[in-house]
Every structure is written in structure tokens, then in C-alpha cells.
1. Let me spell out the model: positive unit charges on the Cβ of Lys and Arg, negative unit charges on the Cβ of Asp and Glu, origin at the Cα centre of the chain. What dipole size does that give, in debye rounded to 20?
2. Compute the distance from the alpha-carbon center of the stretch 303-357 to that of the stretch 87-163, in whole Å.
3. Quick one: accessible surface of residue 63, probe radius 1.4 Å, all protein chains present, in square angstrom to the nearest 10.
4. Once label points are set 7 Å from the Cα along Cα→Cβ at both residue 220 and residue 309, what is their separation, rounded to one decimal in nm?
5. Under 15 Å from the Cβ of residue 353, count the other residues' Cβ atoms, weight Lys and Arg +1, Asp and Glu -1, and hand me the total.
6. Take every DSSP beta bridge whose two residues both sit in the chain, then give the antiparallel share in percent to the nearest 5.
7. Could you sort 318-331, 389-402, 70-83 so that the peptide with the highest average Cβ count within 10 Å comes first and the rest follow in order?
8. Relative contact order for the stretch 441-495: what is it in percent, counting Cα pairs under 8 Å that are at least 6 residues apart?
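The values are calculated or read from the model by the stated rules, or taken from the named source; none is laboratory data. Quantities reported herein were computed from a predicted structural model and do not represent experimental measurements. We place every Cβ from the backbone using ideal geometry, glycine too, and count neighbours over all the protein chains shown. Heavy atoms of the whole protein, side chains included, go into the accessibility calculation; ligands, DNA and RNA do not. Shrake-Rupley method; radii C 1.70, N 1.55, O 1.52, S 1.80 Å.
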Amino acid sequence: MREAGRRAPTIVVFEDVHWADEATLDVLGLLGRRIESFPALLVATYRDELDRAHPLRVVLGELPSGRVRRLQLLPLSSSAVATLAEREGADAEQLYRQTGGNPFFVTEVLATGGEEIPQSVRDAVLARASRLSAAARTLLEAVAIAPPQCELWLLEALAGGALERLEECLASGMLEAQPRGLVFRHELARLALEESLPPNRRLALHRHALTVLVTPPAGAPDLARLAHHAEAVADAQAVLKYAPAAAVRAASVGAHREAAALYARAVRFADEAAVRADLLDSQAGEAYLTGDFVESFEACGEALAGHRAAGAVRKEAASLRLHARLLLMLGRDQDAIAAGRKAVALLETLPPGRDLGVSYANLAELALTREDPGQAIAWGQRALELAHEFGDSETARHADVSIGAIEAQRGDPAGSAKLERTLEAAIDAGFEEVAARAFDCLVRTAVRARSFAAMDRYLARGVDYCSERDLGNWRQSLVALGAHADLDHGRWSDAAAGAARVLRTARTQGSAPALARSVLALVRARRGDPGVDDALKFPLPADDAGSARPRPVPAASPTSKMYLAAARAEIAWLTGQPTAVLQVTEEAFDLAIRADAGWAVGELAYWRWRAGIVEEVPAGADERHTLSIRGEWRRAAEYWTELGCPYEAALALADADDIDLMRRALDELQQLGARAAAAIVARRLRERGVRGLPRGPRPATQLNPAGLTRRELEVLSFVAQGLRNAQIAERLVLSEKTVDHHVAAILRKLDVRTRGQAAAEAGRLGLAGPS
């Protein structure tokens, strides 16, 4: 209660004092200096973009330092932008790049459904620019047409005497100085200003920039920037001169996404059929490396048609090789093999050369991906013979990866050693794709064997390698495999976070997103959370408006079909639908048997057995699962425990006839948060007459997908309101330390790092309302 006679504190707020007149600033200074003499809080907001002579600087400098607290509002982090983008299905990376984390820009872009420049943002940017002098606006225009940065020498050439107004532009906050030149603080602002330029003014600036950048004062010309300005002035000859050369340079330093965009730029200006087909080939190859299979598929298809029409057999075969890999990635197995074999058939009509060996190695890779070990080794050996004959070490290393992967998956240590040697040789030689494939095969083999120590040696290193070189195809695969390993290892929050990262950043559907979806669905199903069916849904890409060519429909690769079938089978068992297990596993089970994929045969047989399907387990099935099928639950539990797979170990232990061991299994499942499996084990115990079983999480906890207790829900509602721990403790009559513990638990269960992220996640899950 407030003490009798005591006055309530006064709060005085000054908004946007950077625009205040002299009288207002005098009042602000007077109040600030006398703040100690009366109970009041003075709040003043302003943009921290003041020039050196701004009168507000004088007022702020004279305020008593002991009574002043400055709070800088930082932009949203990339992870915060990703959280917001995920809700709307937006491209998080592009959104952060365009907005720089500016909350206004982020929310406006999302509110308009991803519109490149929302009208509200455009109006705000142009209004801010209009307050500058004419000379300062001239500088802004020059910088706007010269991304990624405008050097002072270039700015002087484009804007002349207006350079004197540079400080005004910097003080406005629209531009900022960086070591290499001047840039807009936010890419959206640059785009809005560039778009507002009259066509003749924009054309003149780009033409002038193109002329000046050809002969920079130091160093070689920047080919990518020349291509940008050449396209802006529609100079086809200049685009075709600079864009492909810039793409080659970008690819050589691992900027494959930029290389694909540069080739696409050149394609738009290529009229000659042969030149266009070659450029499309290059664009398709770069897009494939980044993991954008739709762009690659479309470019490759058009290039293939062009080479075929021109009768360019070797080029047609090269396009067919990539086309085959893309077809396989998109789940069209038979079409993929047919395309790969056609490439070989075309080249076998010509004198033997390096490209025939490459085509053999391509068939080996296709066979490996579609779980056909015999064909992978056979084609790999033929590729090695030709590669050695022609001194083609890159193709030889590709073949070694395919052969070594099959040997390693069969449990042969020599296969793993071959992969390791090939990896190091590829890195030394700069064979990026070979190295990425070797990383992927090493990690995949380790994940299938539940060999977490072996996986740890290569996973993080492989993700870093692929990320640094824009090899999104394999980076996505490695992150998805890491998420599956976390699932097996009992780190379910990490597994869900990894799977969500794959789905958030995937440019198209393919094997990695399919595996990520199975992981996310299993985490939710095991915890008893909602959204299991949503996790397994595959969104189809929308057709381009007016496109004559239908876009490829994503489907699962053979490996993904096995993972998805195992996930669906477990989910059916957990949800009490044993009859559905047969239906969801039939195709994948036959596929796994034909492919001699013991890891998949064993797991699928295990879930079929759990569902009551009586059948003979095929030879070669993984022993870890067949132990339980044969009734050797004790050995199975010990085996899984040694491997570090607590969930599987608890399920094996639950098969015991001993009630104490079953209770132990129940306890371990509850500790894992495996509510669905725990409920099944608890039901079995009750059927045996056991009473007084631990209830596990309370019903109030089960009502929300994050597993929060009632008290944690209360705390979260206050966190979402922006209250600090001390304030929450006062509201709930708790100690501040207790609230600290609750907040830490909330962050862990929501799988976030900050209070702001917790509030955002609570809103997404509908958890922040009154408890």
C-alpha cells in the first residue's frame, strides 16, 4: 500500500526530441538538471544519428551523469528475424539482409506477405530523404545505384560537388561509413530510393558508373559490379562480357549462389542458342551446388533441349548427368537412372575420353543415393579405370567416395578409411563437391551405426566447410543428419531445433527436408505434442505465373522413403494405430530389402513387430532391432545403452517380464519426456495390477506443446508482458531466485536463448495468455 500523504511519482515523456525546437530543449535541460528535487521519471526518446553541432548534444552533455541512464534500442538479431519469418513462411536470410533487423522494416515486410518494398516502408524512406538538402539527396541517389558499397572516389565521380553534403547524409542515419565505402544502413531503404528515381536519372547514373568502374584508380575492375550496371542500362554485349567472367570468379571462391545469379543475368541477354545453352548449363550446375534444385532443374532442362537441338553430343551428355542427379533428388528414380544411362550411351558412340569416366562416376553416385550397392561399386570401378587412364584425379576421387561409402555402410573399416583419405585429398586439391560428398557419407554412415563419436569428428567440420563455400545441398543434408543423431541420442530439443533450421533455410524440397520432417514429427509424437501431421506435410512449389513448363513436384528419395516410413510406423504405434503400420511400411520395407539396407530393414521390421505383424525377419537386418524381436530384451537394452540411445534402451527394457524393470523403463521414459511411450508402458503395468504409478507431467503441463508447468505458464505470461524477474516475483509472491529458475526452465523447454525469443515463441504456440 502507498503510504498516507505520499505523492505518486510523475512520469514525463518527450518523444523524438531530435526534432525538438529550442524552447522544448530548454525545458528538457531544466527538468533534467532538477530531477533530483522531486519524485519523477523523465523519459526522452531520440534517434542516435545527431551531427556534431546538433543542439540536443549540448543538452544531453549537461545532464547530471549520475541520474541518467541511456538505453540503446538494438536491431533484431538474425535469429529473432528468423523466428518471425518462420511464422509467415518468409525467407529469413533474405529478410534479415534487406532489413538489417530494423523492427519496423521487418514487421512491414511480413505484414505485406513478403512484398519486396512495402508502401509504408517506401513512404517512410522517401519522407526522410525529402528532409535533406538537394545536394544530400543527390549523394543518396548515387549511393543507391551503386551496391554493395560506393567508394568515395566513385561517389565523387557520380555526384561531383555534392560530396560536401556527405556529413548531412551520415547524420540523417540513412547512410553509414564502412572501411570500403558508403552503404545504406538498410537494403530496403536503398531499394526504395533507387526505385523512386526517374528512369532517365537512373539510366544516366548507371551508365556513368559503368564507364568509371571499368578503370578503377587501384586494383582490377569488379566484374560483378560491371555486370550489374551493364544490365541496368540494357547493354547486352557488356553483360555477356562481364557476368560470366564474374560468375567464374565467384564460383572459384565458393560463392556459388552469387555465381548462379550472375549466370542467370547473362542468360537473360543471350540470344545465340549455343551461348545460351552453355550459360544455362553453368547456371544449373551452380544452383545445384547451393541446393536450389528447382532453379537447377529448370535451367538444366532448357540447356539439355538446346544442346540436343544443336547436335552437341558431349554437351548433351553433360547436361544429362546433372539432369539425372536432379531427377533423383526430386524422387524420380527410374527417370534418373534412364537419364544417367543415356549420357553413357551417347558417349560410348564417341572415342573414349574423360567425360565417359565422369558419366560412369555419375551412375555410381546415382546408385549409391538410391541404395543400390552392387551397381554403385560396378560403375565406380569402371569410372576409376578411365579416370586413371586419362589422369583425371577428380573423377577418381568421386568414384572412391561412392565405393568407400558402400564398404563403410557394410561395416568394413577399410571403407571408412578410404572415405577419410579421399576427404583430405579432395580438400587439398580443391575438389569441393568431392569433399562435400565425403563429409556427407562419413556422417551418414556414423548416424546409421549410431556411432556418435565418429559422427562428431566430421559433422561440425563438414557443416563449416559447406557453409563457407555455399554448398547448400550438402550443408542441409549434414544438418538434417545431425538432427537425426540428436534424436537418437536423446537430445530432442536440439533435434527439433536442427530439423527446424533445415526446413527454415531449405530453398527447395529434397532428401534433407524429408529427413528433417521425420525428425520433427518424431520429437512431437514422442512428447505427445500437437503438430505431428503438419510436420510430415510437404508443401508443393507454386507454378510461376504464365510459366509454360510445370515445376518439378518434390518427392522422397529412396533413403528418405525409409526414414519417413520408420517415422510414420513409430507414430502409428505411439498413437494406438497398429493396423496402420503395415500400410506405411510396405513399400519402404521391400525397398530396404532389395537394397540390402540392413539399418532400415531392422528398424522397419522392429516397428512391424511392435504392431503385432508376425513374419520372418530378413537376413542382414540390423541386429540392434532384431534382438528385441527375438525376445532378447536384456541384450537389446544393454546394446542401446552402450550406444547412447536412451529412448530405444527404455523401450527394450519395457519388454521385460519383471515389473521392477518395467517401472524403471517407465521412469526413464518420463525423464526423457517421452509421454506417448510412457503412457503405453504405464497401461501395461496397470493391466498387471500395479497401482500408484508416477503420473509424470501434470495434466496442466500436457495441455501445452512445450511441456510447461502451470507455474511456468504464469511466469511466461509475465515475461511476455516485458516484466523483469523482480517484478514477477513480487506479483507471484515468490523469491526472485525461484523466478530465475522458472525462467531458465522456460527458455530450455521452448528451446530459445532470450526472454524476447521466449515471448515470441509463446505467442506462436498460444501459450502467453492467462493461465
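1. Numbers: 94 positive and 103 negative charges, 454 e Å.
Here the chain has a charge dipole of around 2180 debye.
2. Rounded to whole Å, the Cα centres lie 45 Å apart.
3. 30 Å²
4. Simple spin-label model gives 3.5 nm for this pair.
5. Details: positive: 314, 315, 321, 354, 382; negative: 316, 348, 355, 385, 389, 392, 394.
Taking every Cβ under 15 Å from that of residue 353, the sum is -2.
6. Numbers: 5 of 10 bridges.
Looking only at bridges with both residues in the chain, the antiparallel portion is about 50 percent.
7. On the way: 318-331: 24.4, 389-402: 21.8, 70-83: 14.4.
Packing order, densest peptide first, comes out as 318-331, 389-402, 70-83.
8. Details: 41 pairs, mean separation 17.4, N = 55.
32 percent.
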